[in-house]
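Peer 1: Here it is: the structure, laid out below.
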Amino acid sequence: MTDLLYSEEEEALRAVVRDLLTDHCDAASVIARTESDAPHDLSLWKSLADGMGLAGLLVPEAQGGQGATHREVAVVLEELGRAVAPVPYLTSAVVATEALLECGAEDLLAELASGRRIGVLAVSLSVAPDAAHKAVRLENGTLHGELTGIADAAAADVLLVPGEDGGLYVVEAGAVTVVPQVSLDLTRPLARVMFDGAAGRRIGDAAPAVRRALRAGAGLLASEQLGVADWTLTETVRYLKERKQFNRPVGGFQALKHRLAQLWLEVVSLRAAARNAADALTTGDDTDVAVAVAQAYAASVAVHAAEEAVQLHGGIGMTWEHPAHLYLKRAKADSLAYGTAGAHREALVELVDLRAP
């Protein structure tokens, strides 16, 4: 039977990442970044990618990476979710990297693995692994068109762009126009990318690369959602132990204890689903089913945990200074990323042949 418990190495990795985020990604600075014109924390990204080598976890050692597995990446994403870290880790170190692995683009893989460059797959964040996606036109050897809802495009050095001819093209960020879009989650901003005669280098077929990338993104997004849910539950329990009413800790009231117990059960179940998805991506066993199960469940738990955090913190939970709103916005935005829960349930129905009569 598959062992979904964390190994000693995974726990050690968690401790190192959490220490870094504790020192360099406090809530006040994240909130300040969301109010600025530079929401991405590129110094933190450099520490994660260059200093710790985490951008290359999925890249084989022979191609300049760490040769780790999706299980280790899932641990990193849990911690990034707990901190709502404004870094392009999911989009560059997971989604773009998986697309490049499918295409065998070793030169660009090495650059992304080292953290020297940030790559983004130019597919809308809302697209599910098996759903249709927009592509750009190829005219006279250059790319033309417009793509919307591209996460972290503002931080990208290079874009991986699907073309209408079925190819996947590498386009330098300086060759396109990136216009910010209104985003609920300001720690993972979206943008509209316009191509007006941009030069592109074809590296492979778009269909298998995009599917592999989005499947990995959806499966590992569950670990980020687990981090969001775990932090909000832990912080809410801590607050309710300290907050007193009628000279008693609020957390001792039976009605609140029942709500927290129910939420704890949901978070534990999410942990199992997220770990299973990460393990399935590593082994290749029933990967589509594991990813669909994780995403069918993760969104509702993360949103529920964040909503309870806002409500149970009382008045302070509604303020801009308290970080609860960051987690609620990330949870809501993640619930639409790489396919909704409903879309994944429909996919799961087909995968396990449980269609309605």
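Rule-based calculations on the coordinates, nothing more; no lab input. Since we're looking at a predicted model, the values are computed, not measured. Cβ coordinates were reconstructed from backbone atoms using ideal geometry, including for glycine residues, and neighbour counts include every protein chain displayed.
Peer 1: Order these peptides, 29-39, 105-115, by their mean beta-carbon neighbour count within 10 angstrom, highest first.
Peer 2: On the way: 29-39: 13.6, 105-115: 19.7.
Order by mean packing, descending: 105-115, 29-39.
Peer 1: Moving on to the next point. Run the numbers for Asp23 and Ala207: contour at 0.36 nm per residue of separation, minus the present Cα-Cα distance, in nm.
Peer 2: Values: separation 184, 0.36 × 184 = 66.24 nm, distance 4.07 nm.
Value of the extension gain: 62.2 nm.
Peer 1: What ranking, highest mean first, results for peptides 70-81, 192-203, 16-27, 154-165 when packing means the other Cβ atoms within 10 Å averaged over each residue?
Peer 2: Working: 70-81: 25.7, 192-203: 17.5, 16-27: 15.7, 154-165: 21.5.
The peptides rank, most packed first, as 70-81, 154-165, 192-203, 16-27.
Peer 1: Separation of region 158-213 and region 292-308 by C-alpha centroid, Å?
Peer 2: The two parts, judged by their Cα centres, are 28 Å apart.
Peer 1: For region 102-157, what D do you get in µm² per second when you plug the Kirkwood radius from alpha-carbon pairs into Stokes-Einstein at 20 °C and 1.002 mPa s? Don't skip to the answer; put the middle values down first.
Peer 2: Numbers: Rh = 13.3 Å.
Stokes-Einstein gives a translational diffusion coefficient of 162 µm²/s.
Peer 1: Okay, moving on. Would you report the distance distribution of C-alpha pairs in region 173-306 as whole percents per 10 angstrom bin, up to the bin with the largest distance?
Peer 2: 11, 26, 26, 21, 10, 5, 1
Peer 1: Please sort 56-64, 267-275 by packing, taking for each peptide the average over its residues of neighbouring beta carbons within 10 angstrom, highest first.
Peer 2: 267-275, 56-64
Peer 1: Tell me which residues come under 5 Å, amide H to amide H, from Asp130 once H is placed; ignore anything under 5 positions away on its chain.
Peer 2: none
Peer 1: Can you pull out the GluC sites (Glu not before Pro) in region 270-357 that DSSP calls coil and that have at most 16 other Cβ atoms within 10 Å? Write out the running numbers ahead of the final one.
Peer 2: Working: sites: Glu307, Glu308, Glu321, Glu346, Glu350; in loops: Glu321.
Sites meeting the loop and neighbour criteria: Glu321.
Peer 1: With charges set only on the Cβ (+1 for Lys and Arg, -1 for Asp and Glu), what does the dipole of the chain come to about its Cα centre, in debye to the nearest 20? Working shown, then result.
Peer 2: Details: 31 positive and 48 negative charges, 255 e Å.
Roughly 1220 debye, rounded to the nearest 20.
Peer 1: Same structure again: For region 266-318, take every pair of Cα atoms, bin their distances at 5 Å starting from 0, and report each bin as a whole percent.
Peer 2: Answer for region 266-318: a P(r) of 4, 22, 22, 15, 13, 9, 7, 5, 3, 0 percent.
Peer 1: As an exercise, take the mean of 1/r over every pair of distinct alpha carbons in region 1-90, invert it, and state the Kirkwood radius in angstroms.
Peer 2: In region 1-90 this quantity evaluates to 13.9 Å.
Peer 1: State the answer as a single residue: which of Ile203, Leu190, Ala216 lies farthest towards the positive end of the charge dipole of region 184-241, with beta carbon charges of +1 for Lys and Arg and -1 for Asp and Glu, about the Cα centre.
Peer 2: Positive-end residue among those listed: Ile203.
Peer 1: For the chain, with a Gaussian network of springs between Cα atoms less than 10 Å apart, report the residue from Ser223, Ser335, Ser47 with the top mean-square fluctuation.
Peer 2: The residue that fluctuates most here is Ser47.
Peer 1: Output the Kirkwood hydrodynamic radius of the chain, Cα pairs only, in Å rounded to one decimal.
Peer 2: On the way: mean 1/r = 0.0484 Å⁻¹.
Kirkwood hydrodynamic radius for the chain: 20.7 Å.
Peer 1: If you don't mind, another one. Going by Cα centres, region 124-156 and region 68-115 are how many Å apart?
Peer 2: Each part reduced to its Cα centre gives a spacing of 19 Å.
Peer 1: Report, by chain and number, residues whose modeled amide H sits under 5 Å from the one on Glu146, excluding near sequence neighbours (fewer than 5 apart, same chain).
Peer 2: Phe195
Peer 1: Based on DSSP H runs of at least 4 residues, each adding -39500 (n - 2.57), what is the mean residue ellipticity at 222 nm of the chain after dividing by all its residues, to the nearest 500 deg cm²/dmol?
Peer 2: Numbers: 11 runs with 175 residues, N = 357.
Result for the chain: -16000 deg cm²/dmol, rounded to the nearest 500.
Peer 1: Right, next: Under the 0.36 nm per residue contour assumption, what length would be gained going from the current alpha-carbon distance of Glu321 and Thr283 to full extension? All intermediate terms of the calculation are to be shown ahead of the outcome.
Peer 2: Values: separation 38, 0.36 × 38 = 13.68 nm, distance 4.27 nm.
That pair, Glu321 and Thr283, stretches by 9.4 nm at full extension.
Peer 1: Rounded to the nearest 5, what % of DSSP beta bridges with both residues in region 122-176 are antiparallel? Let's see the in-between values first.
Peer 2: Working: 8 of 9 bridges.
Once the DSSP bridges in region 122-176 are tallied, antiparallel ones form about 90 percent.
Peer 1: Next up: For region 302-357, which chymotrypsin sites (Phe, Trp or Tyr not before Pro) are both in a DSSP coil and crowded by at most 15 other Cβ atoms within 10 Å?
Peer 2: Details: sites: Trp320, Tyr327, Tyr338; in loops: Trp320, Tyr338.
Qualifying residues, ordered by number: Trp320.
Peer 1: Scan region 217-299 for chymotrypsin sites (Phe, Trp or Tyr not before Pro) in coil per DSSP, keeping those whose Cβ has at most 14 other Cβ atoms within 10 Å, and list them by number. Mind showing how you got there, number by number?
Peer 2: Numbers: sites: Trp231, Tyr239, Phe246, Phe253, Trp264, Tyr297; in loops: Phe246, Phe253.
Loop-located and lightly packed - Phe246, Phe253.
Peer 1: So, R0 is 35 Å and r is the distance between the beta-carbons of Glu172 and Ala62; what FRET efficiency does that work out to, to 0.05?
Peer 2: Numbers: r = 26 Å, r/R0 = 0.74.
Step by step, r from the Cβ atoms, then E = 0.85.
Peer 1: Sticking with this structure for a sec: Suppose every Lys and Arg Cβ carries +1 and every Asp and Glu Cβ carries -1, with no other charges. What dipole size does region 1-154 come out with about its Cα centre, to the nearest 20 debye?
Peer 2: Working: 10 positive and 25 negative charges, 86 e Å.
My answer is approximately 420 debye.
Peer 1: Which helices of the chain meet both criteria: a Cα extent of 18 Å or more along the helical axis and a mean Kyte-Doolittle score no lower than -1.0, with helices taken as whole DSSP H segments? Before the final figure, lay out each step's value.
Peer 2: Numbers: long enough: 8-24 (24 Å, -0.62); 70-83 (20 Å, 0.05); 206-242 (53 Å, 0.07); 254-283 (44 Å, 0.15); 287-312 (37 Å, 0.90).
In the chain, the long hydrophobic H runs are 8-24, 70-83, 206-242, 254-283, 287-312.
Peer 1: A further question on this structure: Under 1.5 on a/c is rounded, so check that first for region 284-357, then, if it is not, pick prolate when a/b is larger than b/c and oblate when it is not; a ≥ b ≥ c are the square roots of the alpha carbon gyration tensor eigenvalues.
Peer 2: On the way: a/c = 3.71, a/b = 2.90, b/c = 1.28.
It is prolate, given that a/c is not under 1.5 and a/b is the larger ratio.
Peer 1: In 10 Å bins starting at zero, report the fraction of Cα pairs in region 44-113 per bin as a rounded %.
Peer 2: In order of increasing distance, the bins hold 22, 59, 18, 1 percent.
Peer 1: Turning to a different aspect of this structure: Estimate the FRET efficiency between Asp157 and Val352 by the formula 1/(1 + (r/R0)^6), using the beta-carbon distance for r and 51 Å for R0, to the nearest 0.05. Before the final figure, lay out each step's value.
Peer 2: Numbers: r = 41 Å, r/R0 = 0.80.
Step by step, r from the Cβ atoms, then E = 0.80.
Peer 1: Subtract the Cα-Cα distance of Arg248 and Ser43 from 0.36 nm times their separation in residues, and report this length gain in nm to one decimal.
Peer 2: Roughly 69.4 nm would be gained on extension.
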